[in-house]
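The values are calculated or read from the model by the stated rules, or taken from the named source; none is laboratory data. Predicted model, so just to flag it, every value in this text is computed and none were measured. Counting neighbours? That spans all protein chains shown, and the Cβs are built from the backbone with ideal geometry, glycine included.
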Amino acid sequence: MKTYLLSLAVLMVCFSGVGAQSAPPLEEQLNTLWKQKNYPELQKLIDAKTSANPPDILALYCAKFCHNFVQPDKAKAMAALRKLKTIAEATKDKDFISFADLELAGVIAIPEAEFTRNSPEILASMHTHFANYPGIEFGITYRNKFPKP
(Lines give C-alpha, C1' and ligand atoms only; values in the text may rest on other atoms or scores of the structure.)
Protein backbone atom coordinates (compact mmCIF):
# COMPACT_ATOMS: atom_id res chain seq x y z
CA MET A 1 0.00 0.00 0.00
CA LYS A 2 2.84 2.39 0.87
CA THR A 3 4.48 1.67 -2.49
CA TYR A 4 1.20 2.41 -4.27
CA LEU A 5 0.79 5.75 -2.45
CA LEU A 6 4.40 6.68 -3.07
CA SER A 7 4.02 5.85 -6.78
CA LEU A 8 0.82 7.85 -6.94
CA ALA A 9 2.48 10.84 -5.27
CA VAL A 10 5.43 10.68 -7.70
CA LEU A 11 3.05 10.53 -10.68
CA MET A 12 1.07 13.50 -9.39
CA VAL A 13 4.24 15.57 -9.02
CA CYS A 14 5.47 14.56 -12.47
CA PHE A 15 2.21 15.44 -14.18
CA SER A 16 1.32 18.52 -12.19
CA GLY A 17 3.17 20.76 -14.65
CA VAL A 18 1.82 19.15 -17.80
CA GLY A 19 -1.23 21.44 -18.03
CA ALA A 20 0.64 24.53 -16.93
CA GLN A 21 1.73 26.87 -19.68
CA SER A 22 3.98 29.85 -19.50
CA ALA A 23 2.40 33.20 -20.20
CA PRO A 24 2.59 34.37 -23.80
CA PRO A 25 5.17 37.06 -24.56
CA LEU A 26 4.26 40.57 -23.39
CA GLU A 27 3.80 41.82 -26.94
CA GLU A 28 1.25 39.09 -27.63
CA GLN A 29 -0.61 39.87 -24.41
CA LEU A 30 -0.68 43.60 -25.25
CA ASN A 31 -1.98 42.93 -28.75
CA THR A 32 -4.66 40.53 -27.51
CA LEU A 33 -5.97 42.95 -24.88
CA TRP A 34 -5.81 45.84 -27.37
CA LYS A 35 -7.82 43.92 -29.97
CA GLN A 36 -10.34 42.87 -27.30
CA LYS A 37 -10.58 46.52 -26.20
CA ASN A 38 -10.02 45.29 -22.66
CA TYR A 39 -8.53 48.53 -21.39
CA PRO A 40 -8.67 47.81 -17.64
CA GLU A 41 -6.71 44.55 -18.09
CA LEU A 42 -4.32 46.30 -20.49
CA GLN A 43 -3.58 48.86 -17.81
CA LYS A 44 -3.14 46.16 -15.14
CA LEU A 45 -0.69 44.27 -17.35
CA ILE A 46 1.35 47.38 -18.13
CA ASP A 47 1.36 48.48 -14.50
CA ALA A 48 2.51 45.03 -13.39
CA LYS A 49 5.32 44.89 -15.95
CA THR A 50 6.49 48.44 -15.24
CA SER A 51 6.48 47.72 -11.49
CA ALA A 52 8.53 44.54 -11.84
CA ASN A 53 12.15 44.54 -10.77
CA PRO A 54 13.71 45.12 -13.21
CA PRO A 55 10.88 46.63 -15.24
CA ASP A 56 10.32 45.49 -18.81
CA ILE A 57 11.61 48.08 -21.32
CA LEU A 58 8.78 47.26 -23.71
CA ALA A 59 6.19 47.84 -20.97
CA LEU A 60 7.82 51.11 -19.94
CA TYR A 61 7.63 52.39 -23.50
CA CYS A 62 4.10 51.07 -24.09
CA ALA A 63 2.94 52.67 -20.83
CA LYS A 64 3.23 56.06 -22.51
CA PHE A 65 0.46 55.28 -24.99
CA CYS A 66 -1.69 53.54 -22.40
CA HIS A 67 -1.45 56.36 -19.86
CA ASN A 68 -1.76 59.14 -22.44
CA PHE A 69 -4.67 57.82 -24.50
CA VAL A 70 -6.24 54.58 -23.26
CA GLN A 71 -6.34 55.04 -19.47
CA PRO A 72 -5.09 58.64 -19.05
CA ASP A 73 -2.88 59.19 -16.03
CA LYS A 74 -0.03 61.67 -16.37
CA ALA A 75 1.68 60.58 -13.15
CA LYS A 76 1.83 56.93 -14.31
CA ALA A 77 3.07 57.93 -17.78
CA MET A 78 5.83 60.06 -16.27
CA ALA A 79 6.78 57.39 -13.72
CA ALA A 80 7.18 54.78 -16.48
CA LEU A 81 9.24 57.13 -18.64
CA ARG A 82 11.44 58.11 -15.69
CA LYS A 83 12.20 54.42 -15.17
CA LEU A 84 12.93 54.11 -18.89
CA LYS A 85 15.29 57.08 -18.60
CA THR A 86 17.06 55.47 -15.62
CA ILE A 87 17.56 52.28 -17.62
CA ALA A 88 18.78 54.28 -20.62
CA GLU A 89 21.29 56.18 -18.49
CA ALA A 90 22.62 52.92 -17.07
CA THR A 91 23.35 51.67 -20.60
CA LYS A 92 25.38 54.80 -21.39
CA ASP A 93 23.95 54.58 -24.93
CA LYS A 94 23.60 58.20 -26.11
CA ASP A 95 20.80 57.43 -28.57
CA PHE A 96 18.77 55.56 -25.96
CA ILE A 97 19.32 58.33 -23.41
CA SER A 98 18.25 61.00 -25.92
CA PHE A 99 15.20 58.96 -26.85
CA ALA A 100 14.16 58.53 -23.20
CA ASP A 101 14.73 62.24 -22.54
CA LEU A 102 12.52 63.21 -25.50
CA GLU A 103 9.76 60.79 -24.52
CA LEU A 104 9.70 62.10 -20.94
CA ALA A 105 9.84 65.75 -22.06
CA GLY A 106 6.94 65.10 -24.42
CA VAL A 107 4.72 63.86 -21.60
CA ILE A 108 5.82 66.61 -19.21
CA ALA A 109 4.81 69.18 -21.84
CA ILE A 110 1.23 67.88 -22.06
CA PRO A 111 -1.08 69.94 -19.85
CA GLU A 112 -2.72 67.98 -17.05
CA ALA A 113 -6.14 69.02 -18.39
CA GLU A 114 -5.52 66.95 -21.53
CA PHE A 115 -5.30 63.72 -19.54
CA THR A 116 -8.97 62.89 -19.89
CA ARG A 117 -10.67 59.68 -20.93
CA ASN A 118 -11.17 59.49 -24.68
CA SER A 119 -14.58 58.92 -26.17
CA PRO A 120 -15.47 55.52 -27.62
CA GLU A 121 -15.32 57.10 -31.08
CA ILE A 122 -11.74 58.28 -30.60
CA LEU A 123 -10.67 54.90 -29.24
CA ALA A 124 -12.39 53.21 -32.20
CA SER A 125 -10.44 55.43 -34.60
CA MET A 126 -7.22 54.47 -32.81
CA HIS A 127 -8.10 50.81 -33.38
CA THR A 128 -8.67 51.57 -37.05
CA HIS A 129 -5.29 53.27 -37.28
CA PHE A 130 -3.43 50.79 -35.07
CA ALA A 131 -4.32 47.14 -35.69
CA ASN A 132 -1.74 46.15 -33.06
CA TYR A 133 -0.91 47.92 -29.83
CA PRO A 134 1.06 51.07 -30.75
CA GLY A 135 4.78 51.15 -30.11
CA ILE A 136 5.38 47.45 -29.66
CA GLU A 137 7.91 47.10 -32.48
CA PHE A 138 9.84 50.14 -31.30
CA GLY A 139 9.81 48.97 -27.68
CA ILE A 140 10.96 45.50 -28.71
CA THR A 141 13.93 47.04 -30.50
CA TYR A 142 15.18 48.65 -27.29
CA ARG A 143 14.31 45.63 -25.14
CA ASN A 144 16.31 43.37 -27.47
CA LYS A 145 19.21 45.80 -27.62
CA PHE A 146 19.33 46.13 -23.83
CA PRO A 147 18.01 42.88 -22.31
CA LYS A 148 17.36 42.52 -18.61
CA PRO A 149 20.48 41.75 -16.54
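Below are the figures for this structure:
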| read-out | value |
| --- | --- |
| Qualifying helices (runs of 4 or more DSSP H) (wholly inside the range 33-149; at least 1 residues being closer than 18 Å to residue 23 by Cβ) | 39-51, 57-65, 136-145 |
| Checklist (1) within 17 Å of residue 139 (Cα to Cα); (2) at pLDDT 95 or above applied to residue 109, failing item | (1) |
| Residue 146 vs. criteria surrounded by 11 or more Cβ atoms within 10 Å (Cβ to Cβ), over 19 Å from residue 67 (Cβ atoms) and in contact with a helix residue (DSSP H, G or I) (Cβ under 6 Å, 6 or more places away or on another chain) | yes |
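Yes/no matrix, rows are residues, columns are (1) in contact with a Phe, Trp or Tyr (Cβ under 9 Å, 6 or more places away or on another chain); (2) modelled with pLDDT of 95 or more; (3) on the phi > 0 side of the Ramachandran plot:
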{"site": "38", "(1), (2), (3)": "no, yes, no"}
{"site": "62", "(1), (2), (3)": "yes, yes, no"}
{"site": "78", "(1), (2), (3)": "no, yes, no"}
{"site": "89", "(1), (2), (3)": "yes, yes, no"}
{"site": "138", "(1), (2), (3)": "yes, no, no"}
{"site": "145", "(1), (2), (3)": "yes, no, no"}
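Here's the yes/no breakdown for (1) over 20 Å from residue 106 (Cβ atoms); (2) within 9 Å of the chain's Cα centre (by Cα); (3) surrounded by fewer than 20 Cβ atoms within 10 Å (Cβ to Cβ); (4) not small (Gly, Ala, Ser):
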{"residue": "32", "(1), (2), (3), (4)": "yes, no, yes, yes"}
{"residue": "41", "(1), (2), (3), (4)": "yes, no, yes, yes"}
{"residue": "47", "(1), (2), (3), (4)": "yes, yes, yes, yes"}
{"residue": "54", "(1), (2), (3), (4)": "yes, no, yes, yes"}
{"residue": "62", "(1), (2), (3), (4)": "no, yes, no, yes"}
{"residue": "65", "(1), (2), (3), (4)": "no, no, no, yes"}
{"residue": "69", "(1), (2), (3), (4)": "no, no, yes, yes"}
